[in-house]
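Here is the structure we will look at.
The values are calculated or read from the model by the stated rules, or taken from the named source; none is laboratory data. Model, not experiment: these values are computed from the prediction. Please note: Cβ atoms are built from the backbone with ideal geometry, for glycine as well, and neighbour counts cover all protein chains shown. Just the protein is used for accessible areas: all its heavy atoms, side chains included, with ligands, DNA and RNA removed. Shrake-Rupley method; radii C 1.70, N 1.55, O 1.52, S 1.80 Å.
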Amino acid sequence: MAVREGLMALLVDEPRHGYQLKTAFEAATGGVWRLNVGQVYSTLDRLHRDGLVAVDDTGEQKRYALTDSGRDALGAWWRATPADDPPPRDELQLKVLLAVEQGPEHALDVITRQRTALTRALQRHRRAQREAAGDASLSAQLVTDALVVRAEADLRWLDLCESRILRARQGRAPSNGGSP
Amino acid sequence: MTDPCATRDRTRSPALEMVAVTKVYGRGPTEVRALTDVSLTVGRGELVAVMGPSGCGKSTLLHLAGGLEDPTAGAIRVDGLDVPAMTAAERASLRRTEVGYVFQRLNLVPSLTALENVMLPLELEGVGRRESRDRAREALAAVGLTEQLDRYPDDFSGGQQQRIAVARALVGERRLILADEPTGALDTLTGDQVVELLAELPARRGTAVVLVTHEPRYASWADRVVFLRDGRVVDEADAGAPPVGTAVGSAP
Ligand SMILES: Nc1ncnc2c1ncn2[C@@H]1O[C@H](COP(=O)(O)OP(=O)(O)O)[C@@H](O)[C@H]1O
Ligand SMILES: [Mg+2]
């Protein structure tokens, strides 16, 4: 995915060896995005083929440097923003939307289950944050923040689904609430 | 051993115990079942969050736990004490000594200073003015307020007012804090601070907290999250339990 651009960004200041790039990439991404060396070299080969990096093989190990067109491509990547459409297709959305097709009770069951699991994931992040308190690197903190905020967004959406389904159900059967 | 509480064995009782609690408002065609067969135990020092859509019975649950209303059926014990069996005076005393309340809307007394607001429950309980003042200062310091305590609630920001409300809820030796959407009108970081404060209480004083909130962010501070829907408990997320099933949500 964005590994290409990630490696190019790490070459902005100075040329680097393949293995240096691997460790720099992993450090910058808070240790949650591991790369294998083979993946690093095959990506560098493709960048070289496309003229975005230059290879210096006079030393013991190959050194990679960003070319001018590499700099241009990287600049374009920094400036690019995610597009709003087409709508994101994630599995959680698909699951809930299809569950609604099978009726409100099934949909509510699915929502309950997914929400509990997400809440527990959030609780784990929170605990990790509390335990790391102060020790975590900035990049690790930012990675955890991203996980937390994404889980929160999914949970908010599930809450909205629940409220809307309950409201729709009420509207359809107004006498449903009181029966034992 | 001459512990006066030993007969009730209160030291071993959970902070809050609700067993098969049902609450029905009104009768006949206007009847509303706010809670149906709800059982919930909150251990000493535990932080439990309660979530659920609007109207699902969250506030009702807290009202019952605090003895503000009676259940239609079921048992409610706070620190081993049978709450529905108490007289009005005993309940009022319970709320000044054992159970602290932080409401959805701020309900500080506007004509009393911050310090006086926090002293109030102690003074009403007959604690002397000097001791009340010392303990109120202590509680305010615990929520990070040490200055300008002679100002009135309106002079403080929303976050500070909510801190004062938390201080008032915890002044004395509380066993249980009931917080109903205490982050209501606060921005995210201020809300974080108020919830962190509540989350630290268990560690600091062994006080149990029931936190009602809409926000998953705040609920995730809790040891357990209980989900209500239509007045029933539909699920529970326990931070201590081993993970179940496969992960869900947005993979990177
Ligand atoms: N005093 C009351 N009289 C009649 N109905 C009430 C009363 N208090 C609450 N209810 C009803 O009980 C249900 C639960 O209310 P509440 O506990 O306030 O929900 P929540 O706090 O989750 O939004 C709602 O349908 C509400 O209208
Ligand atoms: Mg409410």
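Give me the distance in nm between label points sitting 7 Å out from Cα along the Cα-to-Cβ direction at A:Val3 and A:Ala76, one decimal.
Label at A:Val3, label at A:Ala76, 2.2 nm between them.
Can you find, among B:Leu40, B:Gly28, B:Val171, the residue sitting farthest towards the positive end of the charge dipole of chain B, where Lys and Arg contribute +1 and Asp and Glu -1 at Cβ?
So the residue we want is B:Gly28.
At R0 = 25 Å, how high is the FRET efficiency between A:Thr23 and B:Gln193 if r is their beta carbon distance? Nearest 0.05 is fine.
According to the calculation, E is roughly 0.10.
Using a Gaussian network model of chain A with C-alpha springs under 10 Å, which one of A:Arg126, A:Arg164, A:Arg16 is most mobile by mean-square fluctuation?
Looking only at A:Arg126, A:Arg164, A:Arg16, the largest GNM fluctuation is found for A:Arg164.
At a Förster distance of 22 Å, what's the computed FRET efficiency of B:Ala75 paired with B:Thr30, Cβ-Cβ distance as r, to 0.05?
With R0 = 22 Å, the Cβ-Cβ based efficiency is 0.25.
Just how large is the dipole of segment B:80-163 about the Cα centre, in debye to the nearest 20, putting +1 at every Lys and Arg Cβ and -1 at every Asp and Glu Cβ?
Rounded to the nearest 20 debye, it is 60 debye.
Counting pairs of alpha carbon atoms under 8 Å apart in space and at least six apart in sequence, what relative contact order in percent does segment B:46-125 give?
20 percent
Who wins for biggest fluctuation among B:Val19, B:Val209, B:Val234 in a Gaussian network model of chain B, springs between alpha carbons below 10 Å?
B:Val234
How large is the convex hull of the C-alpha atoms of segment B:109-172 per residue, in Å³?
Numbers: hull volume 4.5 nm³, N = 64.
With only Cα atoms used, segment B:109-172 gives 70 Å³ per residue.
Roughly speaking, what is the stretch gain from A:Arg164 to A:Leu138, that is 0.36 nm per residue apart minus the C-alpha to C-alpha distance, in nm to one decimal?
Once the chain is fully extended between A:Arg164 and A:Leu138, it gains 5.5 nm.
Provide, in order from the shortest bin, the percent of all Cα-Cα pairs of chain A in each 5 Å bin, continuing until the bin that contains the maximum pair distance.
Pairs per bin, as whole percents: 1, 7, 12, 12, 12, 11, 11, 10, 8, 6, 4, 3, 2, 1, 1, 0, 0.
Enter the angle in degrees (range 0 to 90, nearest 10) between the Cα long axis of helix A:18-28 and the first principal axis of the Cα atoms of chain A, meaning the one along which they spread out most.
Tilt of helix A:18-28: around 40 degrees.
May I ask for the angle, rounded to the nearest 10°, between helix A:68-79 and the longest principal axis of chain A, with both axes built from Cα atoms and the value confined to 0 to 90°?
Around 20 degrees separate the two axes.
Would you kindly derive the ³J(HN,Hα) couplings of segment B:34-42 from the backbone phi angles with the Karplus curve 6.51 cos²θ - 1.76 cosθ + 1.60 (θ = phi - 60°), listing them in order in whole Hz, with x for Gly and Pro?
After applying 6.51 cos²θ - 1.76 cosθ + 1.60, I find 6, 9, 10, 6, 8, 10, 8, 10, 10 Hz.
Given the options B:Ala199, B:Ala239, B:Ala208, which has the most mean-square fluctuation in a GNM of chain B, springs set between C-alpha atoms less than 10 angstrom apart?
With Cα springs under 10 Å in chain B, the top fluctuation among B:Ala199, B:Ala239, B:Ala208 is at B:Ala239.
Could you sort the peptides B:218-228, B:146-156, B:116-126 by per-residue average Cβ neighbour count (10 Å cutoff), highest mean leading?
Per-residue mean Cβ counts within 10 Å order the peptides as B:218-228, B:116-126, B:146-156.
Under a Cβ-only charge scheme (Lys and Arg +1, Asp and Glu -1), can you give me the dipole magnitude of chain A about the Cα centre, in debye to the nearest 20?
740 debye
Once the Cα atoms of segment A:91-169 are picked out, what are the Rg and Dmax in Å?
When restricted to Cα atoms, segment A:91-169 yields Rg and Dmax of 15.5, 49 Å.
Could you give the distance between the Cα centres of segment A:52-130 and segment B:143-189, to the whole Å?
39 Å
Please determine, in degrees from 0 to 90 and to the nearest 10, the orientation of helix A:37-49 with respect to the longest principal axis defined by the Cα atoms of chain A, where the helix direction is its Cα long axis.
Orientation of helix A:37-49: about 70 degrees from the principal axis.
With an 8 Å Cα cut-off and a minimum separation of 6 or more residues, compute the relative contact order for chain A in percent. Please list the in-between numbers first.
On the way: 132 pairs, mean separation 36.8, N = 180.
Over chain A, the number comes to 20 percent.
First check a/c for segment B:168-232, with a ≥ b ≥ c the square roots of the eigenvalues of its C-alpha gyration tensor; if it is under 1.5, answer rounded, and if not, answer prolate when a/b is larger than b/c or oblate otherwise.
Here segment B:168-232 falls in the oblate category.
List the relative contact order of chain B as a percent without decimals, with contacts defined as Cα pairs under 8 Å and 6+ residues apart.
26 percent.
Interface size between chain B and chain A, please: total buried accessible area, 1.4 Å probe, rounded to the nearest 100 Å².
Numbers: alone 12850 and 12670 Å², together 22910 Å².
So the total buried area for this chain pair works out to about 2600 Å².
Out of every Cα pair in chain B, what percent are spaced more than 35 Å from each other?
15 percent
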